[in-house]
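The values are calculated or read from the model by the stated rules, or taken from the named source; none is laboratory data. Worth saying up front: this structure is predicted, and the values here are computed from it rather than measured. In this analysis, Cβ positions are derived from the backbone assuming ideal geometry, glycine residues included, and neighbour counts consider all displayed protein chains.
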Amino acid sequence: MRQYLTKRILSTIPLLLFVTFLAFILINLRTSDPAEIALRVNQITPTEEMVQSMREELGLDEPFLVRYKNWIVNSLQGELGYSYVNKKPVLEELQLAIPPTLQLAGATLAIIVFFSISIGILCSIFENRWQDRLLRGFIFFLSAMPSFWIGLLLMWFFAVYLGLLPTSGMNSPQSIILPAVTLSMTFLSTYVRLIRNNMIQNKHENFILYAKVRGLNERTITWNIFTNSIQSSLTAFGMSIPRLIAGTVIVENIFAWPGIGRLCVKAIFNSDYPVIQAYIVLMAVLFIICNLLVDIVVVMIDPRLRREAK
Amino acid sequence: MKTKILIGLIALLLILTGCGQRASDSNSSAGKDELVFASTKDIRDINPHLTSGELAAQNMVFESLVVNTPEGVQPKLAKSWDISEDGLTYTFHLREDVVFSDGAPFNADAVKQNIDAVVSNYEKNAWLNLVQVIDQTEVIDEYTFALTLKNPYYPTLEELGLTRPFRMISPQNFIDGTTANGVSGYAGTGPYTLAEHKDNQYALFTANESYWGDKPSIKNIHWQVMPDHQTILLGLQNGEVDLIFGADGDMLDANAFTALQEQGQYITEVSPPSGSRSILLNSNREFTKDRLVREALQYAINKQTIASGILNDTEQIADTLMSKSTPYANIDLEIRSYDAQKAEELLDQAGWVKADDGYRYKDGKKLSLMLSYNSDNAQEKTIGESMQSDLKAIGVELTILGEEKQAYFDRQKSGDFDLQYSLSWGLPYDPQTYVSTWRVPSHGDYQAQAGLEKKEWLDQTIGEVLVEQDEAARAEKYKQIFTYVHEEAVYLPLTYSVVKAIYSERLKGVGFNVSQYEIPFENMYFE
């Protein structure tokens, strides 16, 4: 097991290097000169000498690979550079923006877990009956709507029409409801289907037949089906965590949520490269770590895989 | 089965909407002392000597020696001033009853420190001409301050009154004797002070207890950041937002503005014309270097469609680059109204022949032009499409190229465009600051004019007009400048921008400052 863990953890290093290198190349492919951008965002009309001195200040006069190495080494030490726009350390910006996004992602995950499990179970119980079809149809319908549209509809209905919730901002605890619901819509239909299908599949397994033969009540049987079905959904749930965090961009904009998605959009509009780079690395790390954790958890849960890993 | 699902869905929707009762009418204005202003932007760093913050926020906290009003420059922190015969020395007599909100005294010494701080941070403030011509600052006595220029500069007072950079911040907020690397606080002399600021969320301004002038009626201004326009509108309908205010489609697109106007529940107001929105016709490019082509384009565009159809009559049609209410721009120029027939004649005259595909050709080349715009601005795209169809009608192909901000700037600098938008900053920057930028090669205006025969003369005349002391001579020079660019047809005037305000009925006293970037919160009150 330990050997497996070491192997898995070590294998993330080349992956991270590859992803960051790719991101670095892509950003450097842009035709605009970052030194000039750094001057222009401060309303300075760039002259040749100023651009040159800014290039030196930002270390842009070094060869490509040296810059990449510097960037990686500095990032590992937590020095992510300074924003071109407001001159604040990028790390500080991230520290401000990450907690709201984590809150939002957490609330969304709770909604996804609760509704996908309950609706998934309901659907499997009423397999192919009208209740199943109605629920699935409704969820599918909601998921098919783009999130900016559904977000505005929800905002209009619950805030303006019913006057129950605030439209946007982060001023009260209820503020998180609408953005979290909006964000969960995109994921809900996938998980409802996943759980429903797994439940239905397991229903026809022999161990359920035996349980029925033993005369266990309906509730216990459903519970048994559920615990066996949830395992394969775990991987998907695990991987949806980084996807959730990366996918908050639009929802954060609509609901004026001061998270990392908005930070990234603003950085892109301003060509604030240090912030964009930091965002990319953060997301890459997040995806790789979540992937790693999910792999490890799956191996630990499943006795067959555990044996293989040894 | 499908019908069953449909019926089920409809039933669900009916239930959901049926149980709805509007609950948001309970907001009462009695004793309301907070105004919520929604903006797509955070106030950022409002250091008055830098350009990184929101102008409207800087204007609430910081004041200048003088103020620009529709009646011209008026006293503010200076009671009066004298200008020397040679136009080089301005002596200001300061108010004696002013203190900064941190208790520091406002006097000639504070003024000197502020102006010195602006001038010493030359790189960041050189965009303003006045910064380039200031020679010396001097404390004469406690409440008398003198400013000496290198050469006469007629818009000196106007530029001192701008929202930035010549606004006064407490010297106690300086870091190492300067404001160039940030400030330790935001103590000004203005009607409001910044009480709280949460990055990208909100800023809270409270009335300045020690304000020397009339204290504002509304105690608190809550500047709420809402990046999405639709959210702002819903916030207004929900009573969470009291005021939306802005120019250039920044805060409100024209459709939303008209929709709210028709609802009648809100008061909508439009300021007098401010900035100028025009299209640069690049005189330094293969096709548009021919004056006849540029002239033809002037007649080919239906501005009425743009003003009414796209901007919903929230902006006025522009016949000339500068509106007649702009200083020195009230001159008679030949107006080129929409006339497709005339446009076609001019193109015929220029040797462009219509082929079977409906487009014009000359020497085997198709008359194809490119309009470049900043893709952040949705309105500019729609305007471009309207122009595209107008030009197609006279046999000119127009491709519209939207790029992100920096790429757009790069194109501006290199002159690699046939058509590009040009926006002036509006009063009180117009006309002097606008024409002054025409001389800067990194501006699209410079590039578009680069092919003109008398470009050198133009730049020189602009340089002269800014230092011209004689009013009549100055007017004459402006006339020459505006007449020349008009005759050469390098600008295709579209509309004059206006500031739009939408607010709830209980809010009163909403007006406009001369600058389209300022919001006069201090005059507003609730009824």
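Does B:I279 fit the bill of being surrounded by 15 or more Cβ atoms within 10 Å (Cβ to Cβ), within 24 Å of the chain's Cα centre (by Cα), modelled with pLDDT under 95 and not in a loop (DSSP other than H, G, I, E, B)? So B:I279 does not fit the description; no.
Within the bounds of the range B:383-402, is there any residue that is within 12 Å of another protein chain (Cβ to nearest Cβ), over 19 Å from B:D348 (Cα atoms) and modelled with pLDDT under 95? No, that holds for no residue.
For the range A:151-164, filtered to residues that are farther than 10 Å from A:L178 by Cα and surrounded by 18 or more Cβ atoms within 10 Å (Cβ to Cβ), the residue that is nearest to the other protein chains (Cβ to nearest Cβ) is A:G163.
From the list A:L134, A:L91, A:L109, A:L122, the one residue that fits, being assigned to a helix (DSSP H, G or I), away from chain B (no Cβ under 14 Å), modelled with pLDDT of 90 or more and in contact with a Gly (Cβ under 9 Å, 6 or more places away or on another chain), is A:L91.
The range A:200-310 holds helices (runs of 4 or more DSSP H) entirely within its bounds, and those carrying 3 or more residues that are farther than 30 Å from A:A35 by Cβ map to A:206-213, A:218-246, A:249-254, A:273-301, A:303-309. Within the range B:185-212, the set of residues being touching an Asp or Glu at 6+ places or on another chain (Cβ under 8 Å) and over 30 Å from A:V160 (Cβ atoms) comprises B:G185, B:A187, B:G188, B:T189, B:G190, B:P191, B:W212. From the list B:S52, B:S64, the one residue that fits, being closer than 30 Å to A:V41 by Cα and either more than 14 Å from chain A (Cβ to nearest Cβ) or of a type in the set (A, V, I, L, M, F, W, C) (or both), is B:S64.
Condition (residue is within 14 Å of chain B (Cβ to nearest Cβ), closer than 30 Å to A:G120 by Cβ and among the aliphatic types (A, V, I, L, M)) applied to the range A:217-240: is it met by at least one residue?
Checked the range A:217-240: no residue is within 14 Å of chain B (Cβ to nearest Cβ), closer than 30 Å to A:G120 by Cβ and among the aliphatic types (A, V, I, L, M).
Remark: pairs (first residue in the range B:118-129, farther than 18 Å from A:A38 by Cβ and more than 7 Å from chain A (Cβ to nearest Cβ); second residue in a helix (DSSP H, G or I) and small (G, A, S); Cβ separation under 8 Å; 6+ apart in sequence or on different chains) = B:N129/B:S436. Of all the listed residues (A:N28, A:N74), the sole one being within 30 Å of A:L293 (Cβ to Cβ), under 26 Å from the mean Cα position of the chain (by Cα) and not small (G, A, S) is A:N74. In the range B:370-397, of all residues being among the aliphatic types (A, V, I, L, M) and in a strand (DSSP E or B), the one that is surrounded by the most Cβ atoms within 10 Å (Cβ to Cβ) corresponds to B:L371. Do any helices (runs of 4 or more DSSP H) entirely within the range B:49-127 hold 1 or more residues that are within 19 Å of B:G177 (Cβ to Cβ), and if so, which? Qualifying helices (runs of 4 or more DSSP H): B:108-120, B:122-125.
For the range B:348-369, which residues satisfy the criterion of being surrounded by 18 or more Cβ atoms within 10 Å (Cβ to Cβ) and assigned to a strand (DSSP E or B)? Answer for the range B:348-369, where residues must be surrounded by 18 or more Cβ atoms within 10 Å (Cβ to Cβ) and assigned to a strand (DSSP E or B): B:R360, B:L369.
What do you reckon, is B:D228 within 9 Å of another protein chain (Cβ to nearest Cβ), more than 23 Å from the chain's Cα centre (by Cα) and among the acidic types (D, E)? Answer is no for this residue. The condition of being farther than 20 Å from B:K324 by Cβ and within 14 Å of chain A (Cβ to nearest Cβ) holds for only one of B:D418, B:D470, B:D445, B:D459, that being B:D445.
For the range A:296-309, does any single residue satisfy the condition of being without any contact (Cβ under 8 Å) to a residue 60 or more places away in the chain and in contact with a helix residue (DSSP H, G or I) (Cβ under 6 Å, 6 or more places away or on another chain)? Within the range A:296-309, one or more residues are without any contact (Cβ under 8 Å) to a residue 60 or more places away in the chain and in contact with a helix residue (DSSP H, G or I) (Cβ under 6 Å, 6 or more places away or on another chain).
When the range A:5-32 is limited to residues that are within 14 Å of another protein chain (Cβ to nearest Cβ) and among the hydrophobic types (A, V, I, L, M, F, W, C), the one that is farthest from A:I296 (Cα to Cα) turns out to be A:L29. Within the range B:398-411, the set of residues being surrounded by 19 or more Cβ atoms within 10 Å (Cβ to Cβ) and within 16 Å of B:T288 (Cα to Cα) comprises just one member, B:L398. Do you know which residues across the range B:197-225 are in contact with a strand residue (DSSP E or B) (Cβ under 6 Å, 6 or more places away or on another chain), hydroxyl-bearing (S, T, Y) and more than 9 Å from chain A (Cβ to nearest Cβ)? Passing the criteria: B:T206, B:S210, B:S217. Out of all the residues in the range A:172-181, which are within 21 Å of A:I245 (Cα to Cα) and within 12 Å of chain B (Cβ to nearest Cβ)? Scanning the range A:172-181 gives A:S175, A:L178, A:P179. Output yes when any residue across the range A:251-258 is away from chain B (no Cβ under 14 Å) and touching a residue at least 40 places away in the same chain (Cβ under 8 Å), and no when none is. Checked the range A:251-258: no residue is away from chain B (no Cβ under 14 Å) and touching a residue at least 40 places away in the same chain (Cβ under 8 Å).
Of a type in the set (D, E, K, R), crowded, with 18+ Cβ neighbours inside 10 Å, within 12 Å of chain A (Cβ to nearest Cβ) and farther than 30 Å from B:Q432 by Cβ: does that describe B:D242?
Details: of a type in the set (D, E, K, R): yes; crowded, with 18+ Cβ neighbours inside 10 Å: yes; within 12 Å of chain A (Cβ to nearest Cβ): no; farther than 30 Å from B:Q432 by Cβ: yes.
Here the answer is no, as B:D242 does not meet what is asked.
The single condition among (1) under 22 Å from A:N270 (Cα atoms); (2) more than 13 Å from chain B (Cβ to nearest Cβ); (3) without any contact (Cβ under 8 Å) to a residue 40 or more places away in the chain that A:V73 does not meet is (1).
For every residue, the table says whether it meets (1) surrounded by fewer than 21 Cβ atoms within 10 Å (Cβ to Cβ); (2) in a loop (DSSP other than H, G, I, E, B); (3) touching a strand residue (DSSP E or B) at 6+ places or on another chain (Cβ under 6 Å).
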site: B:L427; (1), (2), (3): no, yes, no
site: B:R439; (1), (2), (3): yes, yes, no
site: B:A448; (1), (2), (3): no, no, yes
site: B:L452; (1), (2), (3): yes, yes, no
site: B:A473; (1), (2), (3): yes, no, no
site: B:T483; (1), (2), (3): yes, no, no
site: B:L492; (1), (2), (3): no, no, yes
site: B:E522; (1), (2), (3): no, no, no
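One line per residue, one yes/no per condition, for (1) without any contact (Cβ under 8 Å) to a residue 12 or more places away in the chain; (2) of a type in the set (A, V, I, L, M); (3) in contact with a Ser or Thr (Cβ under 8 Å, 6 or more places away or on another chain); (4) not in a helix (DSSP H, G or I):
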position: B:E269; (1), (2), (3), (4): no, no, no, yes
position: B:V293; (1), (2), (3), (4): no, yes, no, no
position: B:Y299; (1), (2), (3), (4): no, no, yes, no
position: B:L321; (1), (2), (3), (4): no, yes, yes, yes
position: B:D332; (1), (2), (3), (4): yes, no, no, yes
position: B:S337; (1), (2), (3), (4): no, no, no, yes
